[in-house]
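Comments concern the structure below.
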Amino acid sequence: MILGLFLASAAWAAEQDEAQGSVVRVRAAIQPYDQFRPWQKKAPYGLNGIGVVLPGGKVLVTAALVANRTEVGLEKPGSAEKCAAEVEAIDYEANLAVLRPEKAEFLKGFKGLALGPALKAGDTAEVWQLERNGELLRNQAEILTVGVGRYPNDEAGFLQYGVRVSLPKRDDSYTLPLIRQNQLVGMVMMYDRDSQEGTAIPGPMIDRFLQDVADGKYEGFPTLGVSWTTLRDPNLREEVKAPKSGGILVTRVNPRGTAGRAGLKEGDVILSVDGMKLDEDGNYRDPLYGLTAIGNLVRVRPKVGSQAKFLVSRDGKEMELAGTYDRRARDEAAIPTLAFDTQPRYLVLGGLVFQQLTGAYLQEWGEKWTERAPQRLVELFSFQQEKRPDPEKKVVFLSQVLPAAINLGYQHYSGLVLKNVNGTEIRSLAQLAEVLDSVKEGNLIFEFTDDPGKLVLDASEVKARQEEIRKAYGISELRKL
Amino acid sequence: MKCWFLAILGAVISGCAKDGQLHEAKKNTVMVEVTSQVWDYRLPWNPGTVSSGRGAGFIVAGKRIITNAHVISGARNITVQREADPRRYAAKVKYVAHDCDLAMLEVEDPAFFKGTTHLDLGGIPELESVVSVYGFPIGGDRLSVTRGVVSRIDYNAYTHSGRESHLAIQIDAAINPGNSGGPVMQSDKVVGVAFQGFRGDVAQNVGYMIPTPVIRRFLKDVEDGRYDYYVDIAVRWMPLENPAMRKYLGLANDGRGVVVTDVFSEGSSDGYLNKGDVLLSIDGHPIESDGSVRLEGKPVQLEEIVERKFSREEVRLEVWRGGQTETVNVPLKPADMFSMYEILYEPPPRYVLYGGLVFQPLTANLMAVLAGSADLRLKQKYTMFATDQMYRETPEPVILSAVLPDPSNVYLRGLAGQIVREINGRKIRTLADVEPALAANGERSVIRFEGDSRPAVLKREEVDRSTPRIMAQYGISEASRTEVGSRRLAKGSYSQEEKK
């Protein structure tokens, strides 16, 4: 009896040590830029989470915890010892980031947590939290689902675990590690207190991310660059001359993307990718997870630069196509979706504020941004492949007019896409600045795609008033290109 | 019974209403009771739900009764009754103008007019002057009188049509359902028709009446036996306040003129005005740089000049173009490019049913029922249809509005709400294109949509088998209703044309 008790305590102590040497508190000071007043930042706030110490002495957190940070600090669980940290690598799509303490010796003595194996639905694990005194709080969690789903800053979807866990309210809970047998098996990124369900980034995603970081050059997760639809409908199968079973129908191809450069075309039926057969719903049989959506097959299994092999049926004939995985369909876009950490580009001229369109600007209009934001901007962003296929042609728009005598009559205009200035086509904000700088006197004729079409300012008068307007509105810099 | 509530009406404190006015109003104000049917665009083959309501009207010269369009829209039965006569008489709609919410009724039985005279139309009442409102609002069955002062005279949305704005007069009287269509009087004359207001939780003591210029325009328009709709100059313009802009256009800084920023293709000004034209005067009225003109000593928007004109009449514009002044006469017509935004009342909804797929033209009524489920592409198609002049390519976008579940279309249900681009290789520009395109198929029909959606593929033999089954299952008597040809006919003048 006594012996048993003693043994149990010893084991507990050992586990507690393990925990003490494996997690730290992460405190991030966040201050996003104000997209509507791009020369300034919004009110700062703090986010606190738990970071996982990795065997190499670095700390893993979710990207969401440190997005738009002004600084990040680490704090040991059992003491108030602190250390500033830098973000070494960050991927907003995969929602992962690696932090490096500024003082290398800060994490001395921390053993860190190794990555554990992939989990299956029905497996159990623990979600770790920290008490105020630094003691570990282990919450029993059950893996409900394993499947491809949306991440906070990614449209296409990555593999994720659906987790059921009852988490008590504690500080530092913005992101939490998912642990099994003292190994890191995931990072909890979203949690709903009402349903007591959350989602976690699976260990293999973390592994894939860390490998990419380790080689010194972070390349990210590739994308295919296609839209596709399921092929269950026998009439549709017949129409596109699909074989008896399997395969998905390509409905749009980005010519810059992995699939586009490999030669895939709209109307093709993709039968297999990298030797993995696809069923009619776009699932393949993953050796780790079983039936899994194509997203994991084309985004997580391959690396940027690795070979992509497609078996497609085109007009009833099967053919093999080969290419190289990359991110061009995502990275080379006229309107970037993600814009964290960076100051929005803008240019103020005669009170007219021009900005370069990003997804972040549109999101600033709130949850109903598709209804509230200027409809032309919503259209260009949402149907970018149709409306702005050239990634080099950015969308420069008049976001607002700061009223001044010089812009009388123009003050209610906003959300207008700039087409050209004095006849020169505008392709980026930087180029707009060049064009404007080249006009010393005479008219500045701004042409927009929508009503009222044209606005005119006098170049020399604009020049004379710039400083006055800058001061009146307290703008430190009139341009950020 | 419901009392029509679009309109509200106020009456006031008058010191100037004479005994004679009440007497005349009593004789010539009528209660209008209507049983109407409202089409259901979700189930376009159904005749719709029946409801009844009450409004007011008044007798004008020529034994004609004026009321609001919204009182009688969708009417299947109308009776009118006067204060002095307990009998109810059958009435019919002679003309209806949904764009300005007015209608004219006729009563066949001459007995109805016994003891009536008629009310004359007056002018625009002064601000702060007192008016009296007559009608049959909620709270009793006999004639009610309220009073108010004229609070504001301005352009305002006419909510019945969903898109029109015309001159309206705001009065501060209590407003109640059932006043709609009733006369608002001052000094023995009608100065307006009570027609709309706010719900009590939005604003109090704010009611609106249709002023006499709008009523007179309606009466004049129908003199030729049909209602032709408001005309529109169909341009967009921008005020010319900015000195640099004025200098660029070669204009003196004299506070005159507005610049045309867009000319709607197929509109009145198409071929007459260009982008960049500066409008200096309209029918001899100088245009200020904010777009206003002086009319009877009062500043009004330049459109008011156009508002008072009729189809095929001209408006004379003095235009600054290429450094000189030119005179341009623009023949006027209605702005059909905006007709998509008008709420339709009389015409039965048009549709084509094919294998459980329901095709409907994009209308304000359809958008109202799809509102919650419409995707961004459809919403933008609707909101940007006129401004982007999409009507040039596709005069009437066709929507796959619903997929009626049947074993034969189990894979197609997710496609509801898509915009039809082509059927069997034929471009779909209006609903009339749908049936011929579907008939052009071999054994399979392929329907393609805008954007990157998958196509819908249907086999002819399956559709032939499923159609009778679906029609029986969903109680659909006709597989299509496409007969209403012209879009204009489908709108304001429809009911009148029908009766001929």
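Taken together, the values in this text are just the output of simple stated rules run on the coordinates, not laboratory data. Since the structure is predicted, the reported quantities are computational estimates derived from the model, not experimental observations. So basically every Cβ, Gly included, is an ideal-geometry build from the backbone, and we count neighbours across all protein chains shown.
Between residue A:433 and residue A:81, full extension at 0.36 nm per residue minus the direct alpha carbon distance yields a gain of 121.9 nm.
Mind giving me the FRET efficiency for residue A:252 and residue B:126? R0 is 60 Å, r the Cβ-Cβ distance, nearest 0.05 is fine.
Numbers: r = 63 Å, r/R0 = 1.05.
Once the sixth-power term is evaluated, E becomes 0.40.
The HN-Hα couplings worked out from phi for the range A:424-433 by the Karplus form 6.51 cos²θ - 1.76 cosθ + 1.60 (θ = phi - 60°) are 8, 4, 9, 10, 6, 5, 4, 5, 4, 4 Hz, whole numbers, x standing for Gly and Pro.
Residue A:41: which lysines have alpha carbons under 16 Å from its alpha carbon, excluding same-chain residues fewer than 8 sequence positions away? The reachable lysines, counting only those whose Cα sits under 16 Å from residue A:41, are A:480. Placing pseudo-labels 7 Å out from each Cα toward the beta carbon at residue B:223 and residue B:439 gives an inter-label distance of 4.5 nm. Place a point 7 Å from the Cα of residue A:34 along the Cα-to-Cβ direction; which residues of the range A:341-374 have their backbone N under 14 Å from it? Under 14 Å, as judged by backbone N against the label point of residue A:34, lie A:344 of the range A:341-374. Can you tell me the FRET efficiency between residue A:420 and residue B:142 if r is taken as the Cβ-Cβ distance and R0 is 51 Å, rounded to the nearest 0.05? Approximately 0.15, to the nearest 0.05. What the phi angles of the range B:23-33 give under the Karplus curve with 6.51, -1.76 and 1.60, with θ = phi - 60°, is a coupling list of 4, 5, 4, 4, 5, 10, 8, 10, 8, 10, 10 Hz, glycine and proline written as x. Within the protein assembly as shown, the ratio Rg/Rh, alpha carbon atoms throughout and Rh by Kirkwood, equals 1.04. Label sites at residue A:412 and residue A:473, each approximated as a point 7 angstrom past Cα along Cα to Cβ, lie 1.9 nm apart. Sorted ascending by nearby beta carbons within 10 Å, beginning with the fewest, A:412, B:166, B:160, B:285 become A:412, B:285, B:166, B:160. Across the range A:143-157, computed HN-Hα scalar couplings (Karplus, 6.51 cos²θ - 1.76 cosθ + 1.60, θ = phi - 60°) run 7, 8, 9, 10, x, 7, x, 6, 9, x, 10, 9, 7, 7, x Hz from first to last residue, x flagging Gly and Pro. For the range A:38-67 and the range A:371-391, what is the centre-to-centre distance using only Cα atoms, to the nearest Å? The range A:38-67 and the range A:371-391 have Cα centres separated by 31 Å.
The residue A:45 and residue A:100 beta-carbon pair, evaluated with R₀ = 25 Å, returns a calculated FRET efficiency of approximately 0.60.
Share of pairwise Cα-Cα distances greater than 45 Å in chain A is 25 percent (whole percent).
Spacing of the modelled spin labels on residue B:266 and residue B:114, each 7 Å from Cα toward Cβ, amounts to 5.3 nm.
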